[in-house]
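Trainee: Take this structure first; my questions come after.
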Amino acid sequence: MTGDAAVHVAGLRMSFGATEVLHGIDFDVRYGEVFCLLGPNGAGKTTTLEILEGFTAQTAGHVSVLGMNPAAQPARLRERAGMVLQECGFPRQARVAELIDLWRSYYPNPRPLGDLLEVVELTEVRNTQVRKLSGGQRRRLDFALALAGDPDLVFLDEPTTGFDPEARRRCWAAIENLRRLGKTVLLTTHYLDEAEQLADRIAILRAGRIELAGTTHEVAARAGLATRISFTTPSALRCGQVPLPGGIDLSVRGPESVCHTGNAAMTLRMLLDWARQNSLGDLDGLAVTAPRLEDTYLQLTRDMP
Amino acid sequence: MTRTIRLAARQALLEQRSFWRSAEYALFTFAFPLMILLLIGAANAGSHLPGTDIKRTTVFVPGILAFGVIVAAYVNLGSKVAVLRHDGVLKRIRTTPLPSGAYIGGLLVSTVATVVFITMATGMIGWLAFGAAPRPGELLALAVGLVLGTVCFATLGLAISSVITSAESAGPVAYASFPADRDHLGRVRSHLQRAAGLAVAAGGHVPGEGARRGAAERLRGAALPGLEPGQPRPVDGRRRRFRRLAVPLARFVTEAAGLLDPVRNRRAEFHGPRDRAQPVM
């Protein structure tokens, strides 16, 4: 079970006093993938991450990170895992390259300094003091420090919170670079677009429980969301000169006609047959939209008590 | 062990570079005691302590030396660690495999280096401007006193950092805690004054101590143990002097070891728990 998993979590529970914040969660993160823990504030994402990073011991359940128990072997784990925490300061008077080089000295097999600067796009500011860096540059410096030991696994706790769009894009590019380097990445975020853009697989955590897990499409399918097919309403249909297609729940909304289906291929075939039979051509503006993570998330949120 | 020492040295180097790059930090740690020395020393040049033939500057210069030690090792280190915690730097360190001993060692080595610079500058100015120079035979005692005093106050600085809850209150709490620590400092001081003349003068700078007179007497007592002011200095064998130094030194080390308790308690903050012997897998 854990042979293919960089991270294995089973029945994880965590209580602070009488309050249980994790109610027995299970998930695996495979080697080389970007896995995202998605959920609103207070869902338990950071608590889960702190347990996986070895900062906190769980109340119950089994946790394995790179084959180690993080609570029992934190020092060994930190030689192989890089961590970008939610909020973390720097020695402000240190220079960028100097600080990264110091961090490299902590590890047995560090990445070359030049590589690190290149991966996080900080080569141009290598001699700048940390206090003079922008917020986005500091976050990328965070990444560089997390990568200094050439880790097999990188934890990223809400890496783009508070960023402007440009800084977010550059941060995403840095995470894409991690993927290209073959790193396993465990990411937490409450931004749906971020999860959709970056993650190979996601788990939606809500109130200390994993509600759904899988790829974006798997999650949407499990949430029972349908694919949306739309096209420009033909004038003949708008005037009532042709009948509505049988077996399809098509709604005509003025200039646009829309239907939702669980079997996009079959519905598409039926629509095109109907159009041909009624001489409607190729259906202008035909678009097939798979359910987005946002739809899934909103549906889940709506359904929850 | 070698790795820990190497990492501590690198950490100390970064700390020193950061120290000198922060103009106001360096100014108030390094230049402030020197400014006080020049201003007050100049105002008191040529005058003597009441009822003695001791020049005020003879007491004042080592007093400023001790003041520099306290500012660098106690106030600055204590408030610095509190700020590092507040800013999350200590948490960041915990994400790495850096041994806590290397990190704390680096901070302490950097503090000692700062103290050495302050001492050299203060001693040089005290000598050139006011003619206050240590006796050649007491240089070793001076050096030992400086090192032990630095370790002692740095340890207290690390301890006081644990009660500072915010970066904003770091400086005020570190300064205001001098009177609160008076009794403890007094005991440390009593060991230091036997070990080295320098540390004795620190007593004169602890509030509420009746300062100058007591400091002058202790300074004389350390330099000329067992003698009243005005009595000639006896000829003493090296071995005997060493024995006289060694006993209080041993007591001081014991004292310092006791002071390390709060530091040991802070270890978890600098670093997470060490790996347990058996892997749980």
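Trainee: Looking at B:Gly51 and the list (1) part of a helix (DSSP H, G or I); (2) away from chain A (no Cβ under 14 Å), which single condition is not satisfied?
Mentor: (1)
Trainee: Can you name the condition, by its number, that B:Gln11 falls short on among (1) surrounded by fewer than 18 Cβ atoms within 10 Å (Cβ to Cβ); (2) within 18 Å of A:Arg92 (Cβ to Cβ)?
Mentor: (1)
Trainee: Any residue in segment A:19-27 that is closer than 22 Å to A:Arg180 by Cα, under 17 Å from the mean Cα position of the chain (by Cα) and touching a residue at least 24 places away in the same chain (Cβ under 8 Å)?
Mentor: no
Trainee: Among the listed residues A:Glu98, A:Glu124, identify the single one that is away from chain B (no Cβ under 12 Å), of a type in the set (Asp, Glu) and more than 27 Å from the chain's Cα centre (by Cα).
Mentor: A:Glu124
Trainee: Tell me, please, whether a residue that is closer than 24 Å to A:Glu87 by Cβ and either of a type in the set (A, V, I, L, M, F, W, C) or more than 10 Å from chain A (Cβ to nearest Cβ) (or both) can be found in segment B:10-23.
Mentor: Checked against the condition, which is being closer than 24 Å to A:Glu87 by Cβ and either of a type in the set (A, V, I, L, M, F, W, C) or more than 10 Å from chain A (Cβ to nearest Cβ) (or both), segment B:10-23 yields at least one hit.
Trainee: Is there any pair linking a residue in segment A:106-119 that is touching a residue at least 12 places away in the same chain (Cβ under 8 Å) and within 20 Å of A:Arg170 (Cβ to Cβ) to one that is small (Gly, Ala, Ser) and part of a helix (DSSP H, G or I), with Cβ under 6 Å and at least six apart or on different chains, and which?
Mentor: Sorted first by the residue in segment A:106-119, then by its partner, the pairs are A:Leu116/A:Ala144.
Trainee: Of everything in segment A:120-148, what is under 18 Å from A:Thr161 (Cβ atoms), surrounded by 23 or more Cβ atoms within 10 Å (Cβ to Cβ) and among the small types (Gly, Ala, Ser)? Give them in sequence order.
Mentor: A:Ala146
Trainee: Would you be able to tell me the number of residues in segment A:73-84 that are assigned to a helix (DSSP H, G or I), within 7 Å of another protein chain (Cβ to nearest Cβ) and more than 19 Å from A:Thr46 (Cα to Cα)?
Mentor: 3
Trainee: From the set of residues in segment A:54-72 that are surrounded by fewer than 23 Cβ atoms within 10 Å (Cβ to Cβ) and within 7 Å of chain B (Cβ to nearest Cβ), which is farthest from A:Thr19 (Cα to Cα)?
Mentor: A:Gly67
Trainee: With the structure loaded, tell me whether A:Glu87 is on the phi > 0 side of the Ramachandran plot and part of a loop (DSSP other than H, G, I, E, B) or whether it fails that test.
Mentor: So A:Glu87 fails the test.
Trainee: Return yes when A:Thr161 is more than 13 Å from every other protein chain (Cβ to nearest Cβ) and touching a Leu at 6+ places or on another chain (Cβ under 6 Å) and no when it is not.
Mentor: Judged against the criteria, A:Thr161 is not a match.
Trainee: A further question on this structure: Any residue in segment A:258-283 that's without any contact (Cβ under 8 Å) to a residue 12 or more places away in the chain: show its pairings with residues that are assigned to a helix (DSSP H, G or I) and among the aromatic types (Phe, Trp, Tyr) at Cβ separation under 6 Å, as long as the two are six or more apart or on different chains.
Mentor: none
Trainee: How many of the residues making up segment A:215-227 are of a type outside the set (A, V, I, L, M, F, W, C), modelled with pLDDT of 75 or more and more than 18 Å from A:Asp193 (Cβ to Cβ)?
Mentor: 2
Trainee: If you take the residues of segment A:272-289 that are more than 18 Å from A:His260 (Cβ to Cβ) and surrounded by 12 or more Cβ atoms within 10 Å (Cβ to Cβ), which of them is farthest from the chain's Cα centre (by Cα)?
Mentor: Restricting to residues being more than 18 Å from A:His260 (Cβ to Cβ) and surrounded by 12 or more Cβ atoms within 10 Å (Cβ to Cβ), the top hit is A:Asn278.
Trainee: Which of the residues belonging to segment B:57-108 are within 14 Å of chain A (Cβ to nearest Cβ), assigned to a helix (DSSP H, G or I) and of a type in the set (Val, Ile, Thr)?
Mentor: B:Val81, B:Val83, B:Val89, B:Ile93
Trainee: Here is a check on your reading of the model: is B:Tyr103 closer than 30 Å to A:Leu77 by Cα and not acidic (Asp, Glu)?
Mentor: The answer is yes for B:Tyr103.
The values are calculated or read from the model by the stated rules, or taken from the named source; none is laboratory data. In this text the structure is predicted, and so the values were computed from the model without any measurement. Every residue, glycine among them, receives a Cβ derived from its backbone with ideal geometry; neighbour counts consider all protein chains shown.
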